[in-house]
Amino acid sequence: MSVNNPYRYPYETVAASQTAQVLGTTGAIGDYLHRVIVNVATAASSTVSVLDGATSISLMSANTPIGTYSIEVNAASYNGAWKITTGAGASVIAVGQFT
């Protein structure tokens, strides 16, 4: 996908209770994750983590208060496709360039 403005990126949604959902069709090394927007609906199960290939990075822990959080990542994947895992109480909008 071509982006005309370098400050605009496509997005992908990740529903609650997803395990290692690949961002993009297949994902690849070099994919760019700009921002993760997390909507916490249930604090007790609000966990969110991003995986760079098999390397897990925790973004949100359990018992985060209900609300919407914007987390800047601004990183290119080093180990493989970006993947997102969400707890039952959180959903995500991932913004970036994904293969």
Problem set entry | Extended-chain gain in nm, criterion 0.36 nm per residue less alpha-carbon gap, Tyr78 and Ala62 | 3.1 nm
Problem set entry | trypsin sites (Lys or Arg not before Pro) within the chain, DSSP loop, no more than 14 other Cβ atoms inside 10 Å | Arg8
For this session: For the chain, list log₁₀ I(q)/I(0) at each q in 0.13, 0.19, 0.20 Å⁻¹, using the Debye formula over Cα point scatterers of equal strength and ignoring solvent, two decimals each.
Result: -0.40, -0.82, -0.90
Seminar exercise, completed: the range 4-49 -> Rg/Rh from Cα coords, Kirkwood Rh, value 1.00
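FYI, it's all coordinate maths here, none of it is from the lab. Because the structure is a prediction, the values reported are computed rather than measured. Reconstructed Cβ throughout: ideal geometry from the backbone, glycine too, with neighbour counts over all protein chains shown.
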